[in-house]
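To keep things clear, I will list the structure first and then write my remarks on it.
The values are calculated or read from the model by the stated rules, or taken from the named source; none is laboratory data. For clarity, every value in this text was computed on a predicted model and none was experimentally measured. Cβ placement follows ideal geometry from the backbone for every residue including glycine, while neighbour counts extend to all protein chains displayed.
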Amino acid sequence: MFFVIVGVLLIVLNLAGIGPIALWNWEFSGDLWKFTVPFILAALWWWWSDATGVNKRREMNKMAAKKQKRREENLQALGMSPRKSRKR
């Protein structure tokens, strides 16, 4: 997401005419590559994170945390402590 934000920021700065980025041109043989590099890096990052399973692990951890929080809230609503040891 960082790379996409940087790419959009570069385009906005160019179109607004702010700073040295305002001097970059949109010609294929000119400075166009400077605008496309952040988007290419973002695509490579997303491809790598999907291929290695980073996104899936993050999502699974979020789901497990939600499940644990919901379980603890339900146990408290029933008047039980989540880690209370039971006597037999």
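In this structure, does Leu41 turn out to be at pLDDT 95 or above, touching a Phe, Trp or Tyr at 6+ places or on another chain (Cβ under 8 Å), surrounded by 11 or more Cβ atoms within 10 Å (Cβ to Cβ) and in a helix (DSSP H, G or I)? In short, yes. Scan the range 2-18 and give yes if some residue there is surrounded by 11 or more Cβ atoms within 10 Å (Cβ to Cβ) and modelled with pLDDT under 90, otherwise no. Among the residues of the range 2-18, not one is surrounded by 11 or more Cβ atoms within 10 Å (Cβ to Cβ) and modelled with pLDDT under 90, which makes the answer no.
Within the range 21-38, the set of residues being modelled with pLDDT of 90 or more, hydrophobic (A, V, I, L, M, F, W, C) and part of a loop (DSSP other than H, G, I, E, B) comprises Trp24, Trp26. The residues of the range 22-49 that are within 16 Å of the chain's Cα centre (by Cα) and touching a residue at least 12 places away in the same chain (Cβ under 8 Å), listed by number, are Pro38, Phe39, Leu41, Ala42, Trp45. Taking first residues from the range 50-79 that are closer than 30 Å to Met1 by Cα and of a type in the set (Asp, Glu) and partners that are surrounded by 10 or more Cβ atoms within 10 Å (Cβ to Cβ) and modelled with pLDDT under 90, the Cβ contacts under 9 Å between residues at least 6 apart in sequence or on separate chains come to Asp50/Lys56.
Selection of first residues in the range 8-19 that are in the same structural domain as Ala42 (by TED's automatic domain parsing) and of second residues that are surrounded by 15 or more Cβ atoms within 10 Å (Cβ to Cβ), restricted to Cβ pairs under 7 Å at least 6 apart or on distinct chains, gives the following pairs, ordered by first then second residue: Leu10/Ile21; Leu10/Phe35; Leu10/Pro38; Ile11/Phe35; Leu13/Ile21; Asn14/Ile21; Asn14/Trp24; Gly19/Leu13.
Just one of the listed residues (Lys62, Lys34, Lys56, Lys67) is surrounded by 12 or more Cβ atoms within 10 Å (Cβ to Cβ) and among the basic types (Lys, Arg), namely Lys34.
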